[in-house]
Amino acid sequence: MKRNLILWAVAFFITVSSAVYQRLTGPTYPVHGMVSLGGKAVSFTLLRSEEQRNAEVKIPLSDTSITGWIEWRKLGEEGGWTRVPMVHRESMLIAELPVQPPAGKLQYRVFLEREGQTVALPVEGPVKIRFKGDVPLWVLGPHILLMFAGMLFSTRAGLEIFSAPPNLRALTFWTLALLILGGLVFGPIMQKYAFDAYWTGWPFGGDLTDNKTAVAALAWLAPRHQRIVRKKPRARSSALPPPARAVWCGRPRTRRRAAPPPRFFRPSTLRRASGAGRARPGAWDRARKWHFLRAAS
């Protein structure tokens, strides 16, 4: 019992850590950074996901001597960049990107200028932002909870190797069930609200999230299918005879009655043959010896 609780605690810690790491390194997490302009450090946060409204690009700056603008264009287009000036408001430089249809993507970059010195944000290159539709809570909530629970049971199943003996039947079932409900049932419904498509993975597209969900479900379906097949009894061939029953082949344990000695060795016959009132010396011993050997055989 104590080992089981420890394994569940370790699985929970690993699952939470994985979820946080996925959140911080995912494609929708904002881009953070810092640059130096005119001897002044400027920190920034650039959005990479927005709902059905104009995306505001904000740079915290209280120095009004710094001006800036943003340039944007649709992702995949080779045309020119659209330039939008940034304005100072509430100690920030602010500009807006126009809203796009669900799953629409823009790429943009920010430029800051002070006393003839210009710097681009970020230094690595343009940022990609994707717009999404509004997802109702009755879809988003179960999707997140089921996927988290699926990751938790999956991790716990991996830690089951430290149990003796391991019991993977229930863990495999719940992992597969939660992944199917969260990723293959509520996942497409949520994606329809967000990006106007139920499935954008293989073979209809190359969405990484959909492909990872499909691979995970197939990976957990394989051992579960193997366990189901193994549980089915094998068909007995009609050509083979039925298994033989165990038969006791030993000697019976009842006591065996010895057959009487031949007439020649009986005491009355020995007495008559000798002509005396008693048997010949040694005849009775020979009769008893023969009788004993007969009974033992």
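General remarks:
- For A55, nonlocal amide neighbours, meaning residues 5 or more places apart or on other chains whose placed amide H falls under 5 Å from its own, are L97, V99.
- Backbone N atoms of segment 116-134 closer than 20 Å to the 7 Å Cα→Cβ label point of T45 belong to residues 121-124, 127-132.
- For E56, neighbours were defined as the other residues whose beta-carbon sits under 13 Å from its Cβ, and their charges (Lys and Arg +1, Asp and Glu -1) total -1.
- Whole-number D in µm²/s for segment 135-231 (Stokes-Einstein; Kirkwood sum over Cα pairs; 37 °C, 0.692 mPa s): 229 µm²/s
- For segment 29-131: rounded, prolate or oblate by the Cα gyration tensor [a/c cutoff 1.5]: prolate
- Pairwise label distance in nanometres, E113 with L159, each label 7 Å out on the Cα-Cβ vector: 5.7 nm
- Over 28 Å apart at the Cα level, from the set K2/K212; K40/K132; K132/K212; K40/K105; K40/K74, are K2/K212; K40/K132; K40/K105; K40/K74.
Readers should treat all values here as calculations from the given coordinates under stated rules, not as data from a laboratory. Keep in mind that this is a model prediction, so the values were computed, not measured. Note that each Cβ is placed from the backbone with ideal geometry, even for glycine, and that neighbours are counted across all protein chains shown.
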